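Okay, so here's the structure we're looking at.
A short reminder: the numbers here are calculations on the coordinates, not readings from a lab. This structure is a prediction, so every number in the text was calculated from the model and none was measured. Ideal geometry is used to build each Cβ from the backbone, glycine not excepted, and the neighbour counts take in all protein chains shown.
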Amino acid sequence: MSLQLPIYFDYSATTPVDPRVAEAMMNCLTMAGNFGNPASRSHAFGWKAEEAVEQARQNVADYLNADAREIVWTSGATESDNLAIKGLAHFNHKRGKHIITSKIEHKAVLDTCRQLEREGYELTYLEPDNQGLIAPQQVADAIREDTTVVSLMHVNNEIGVVNDIAAIGEICRERKVFFHVDAAQSPGKLPIDVETMKIDAISLCAHKAYGPKGVGALYVRRKPRVRLEAQIHGGGHERGMRSGTLPTHQIVGMGEAFRLAKLEIDQDREHALALRDRFLAGVKDMEEVHINGSFDQRVPHNLNVSFAFVEGESLIMSLKDLAVSSGSACTSASLEPSYVLRALGLSDELAHSSLRFSFGRFTTAEEVDYAVGQVHLAVEKLRELSPLWDMHKDGIDLNSIEWAAH
Amino acid sequence: MAYSDKVIDHYENPRNVGKMDADSDNVGTGMVGAPACGDVMRLQIQVSDDGIIEDAKFKTYGCGSAIASSSLLTEWVKGKTLDEAGEIKNTQIAEELALPPVKIHCSVLAEDAIKAAITDLREKRSQ
């Protein structure tokens with residue numbers, strides 16, 4: 001079998017829709033399909049659409065060991081994060097205006113928190129350790145009398161490390177603080193159980209688990225009841241928490257994706273792990289290769305790796321047949337490397353030199369072997385071009401030099 | 001992000017990659033940028049006694065535009081006098097390579113590099 005180029009290694013950014021999911025979605029679009037408005041109560045078209053939406057809701061709830069009535073449909077994890085954090089903060093503002101999160105959350109959480117700061121809320125941004133993890137004790141120490149919400153991610157999108165959600169959930173429950181978890185990266189990779197993990201709200205999306213883009217969900221606990229203020233008004237859909245006509249085909253896609261994610265989680269994990277290990281074995285003879293983030297507490301499909309003394313964007317340019325993402329942000333005006341890698345305390349050279357490879361359901365061993373070969377060629381070529389590599393080889397410590405920042 | 005054909009050409013076939021003896025009286029070295037910013041350029045020129053740039057070498061840690069800017073510069077400065085080389089402007093580099101606005105700093109860095117190399121050589125010779 002010949003390789004199709006370019007090869008996709010960016011499953012943490014998004015996944016292709018599984019053909020079985022696409023099939024289910026296509027049945028909800030045309031006149032011959034299930035196209036009705038799920039909110040139409042007066043005819044069979046509406047009833048049939050509602051039935052499909054409720055089945056999908058059950059599938060998502062099943063993944064979380066939750067009740068279907070605890071699932072609110074949204075447009076994706078960003079909206080879910082907004083609804084959860086602003087919704088909880090606003091609803092509980094009389095109890096207090098202090099919120100706890102971390103420095104390496106997704107921008108959907110960080111920018112939402114910044115907005116709350118503008119509204120007069122006080123935020124605590126916990127610092128991860130050099131492995132990218134938040135210790136439960138840090139959360140316990142940060143909770144105050146006026147804390148209402150703790151928002152932390154399950155799996156970090158850049159480095160793939162996994163926080164101890166159950167231990168943090170235990171602390172939040174005991175201290176009577178609402179616990180929101182951004183779990184956009186988890187479905188199909190890690191199981192989630194809202195009971196054992198004691199989570200009050202979970203942000204989810206479909207497109208990182210072989211479902212479509214443009215649809216997500218927020219889990220909102222019923223017992224003990226968690227209430228939040230709606231952010232989008234009009235029509236009172238989703239028990240008033242999120243108005244707007246439900247997109248049947250999107251929701252059916254998410255439901256089917258989550259059904260498959262639960263069903264096939266073991267084989268998906270084993271597949272990803274085997275590919276990751278194959279990749280690692282292929283690059284381990286190279287010098288100055290560093291894995292970013294905890295290696296043990298990590299999802300199997302993510303490998304964030306730095307090739308020291310080579311800049312990430314030029315590396316990506318060399319690897320033009322590999323679709324990977326870079327921790328370097330040379331294209332942005334700020335020239336700042338990834339805030340996540342910086343928060344881990346990575347040196348600038350390493351932060352600028354990172355690539356994120358993420359493997360998935362449709363990645364093959366042959367593709368990984370090809371990638372390993374390309375990485376060797378590109379890194380060797382760019383190190384030949386790199387003055388920093390020269391200096392490293394001459395035994396010069398880069399930190400000993402006074403660089404003129406520009 | 002889309003690169004121009006010229007950037008890709010210089011990136012894939014960089015001209016004058018290398019290292020000269022920085023201690024030589026005929027060599028001027030300019031090292032500019034910082035790892036923190038994601039670009040470091042080292043540009044070296046070998047200059048004849050009558051002030052003509054006979055050869056130029058570079059090594060660059062940075063994005064494709066930074067590599068292309070320095071590669072192009074080594075081509076341009078060869079055969080020029082120090083004064084002529086010192087007059088090269090970043091805007092000329094940016095224009096030649098069709099750099100987008102977010103990459104203009106790469107051409108600025110290249111201009112800084114040649115100026116630094118010239119200064120280094122002149123300081124050596126004035127001693």
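Summary of values
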quantity: Qualifying positions in the range B:79-89 - assigned to a loop (DSSP other than H, G, I, E, B) and over 11 Å from the mean Cα position of the chain (by Cα); calculated: B:Gly79, B:Lys80, B:Glu87, B:Lys89
quantity: Search result, residues across the range A:258-292 that are closer than 30 Å to A:Ile71 by Cβ and either surrounded by 19 or more Cβ atoms within 10 Å (Cβ to Cβ) or touching a Phe, Trp or Tyr at 6+ places or on another chain (Cβ under 7 Å) (or both); calculated: A:Phe258, A:Arg259, A:Leu260, A:Ala261, A:Lys262, A:Asp268, A:His271, A:Ala272
quantity: Pair list, Cβ < 9 Å and 6+ apart or interchain, from the range A:346-375 residues that are at positive phi and assigned to a helix (DSSP H, G or I) to residues that are hydrophobic (A, V, I, L, M, F, W, C) and crowded, with 22+ Cβ neighbours inside 10 Å; calculated: none
quantity: Matching residues, the range B:1-60, being under 24 Å from A:Arg383 (Cβ atoms), among the hydrophobic types (A, V, I, L, M, F, W, C) and assigned to a strand (DSSP E or B); calculated: B:Val17, B:Val27, B:Met31, B:Val32, B:Ala34, B:Val40, B:Met41, B:Leu43, B:Ile45, B:Ala56, B:Phe58
quantity: Filtered residues of the range A:1-20 (kept if among the acidic types (Asp, Glu) and crowded, with 19+ Cβ neighbours inside 10 Å); calculated: A:Asp18
quantity: Within the range A:87-170, strands (runs of 3 or more DSSP E) holding 2 or more residues that are surrounded by fewer than 23 Cβ atoms within 10 Å (Cβ to Cβ) and without any contact (Cβ under 8 Å) to a residue 40 or more places away in the chain; calculated: A:122-126
quantity: Cβ pairs under 8 Å, 6+ apart, first in the range A:302-313 and within 24 Å of B:Gly33 (Cα to Cα), second acidic (Asp, Glu) and surrounded by 24 or more Cβ atoms within 10 Å (Cβ to Cβ); calculated: A:Ala308/A:Glu349; A:Phe309/A:Glu349; A:Glu311/B:Asp39
quantity: Which numbered condition A:Ile316 misses (of (1) crowded, with 18+ Cβ neighbours inside 10 Å; (2) in a helix (DSSP H, G or I); (3) away from every other protein chain (no Cβ under 14 Å)); calculated: (3)
quantity: Selection from the range B:93-109 of residues that are more than 12 Å from chain A (Cβ to nearest Cβ) and under 30 Å from B:Asp49 (Cβ atoms); calculated: B:Ile93
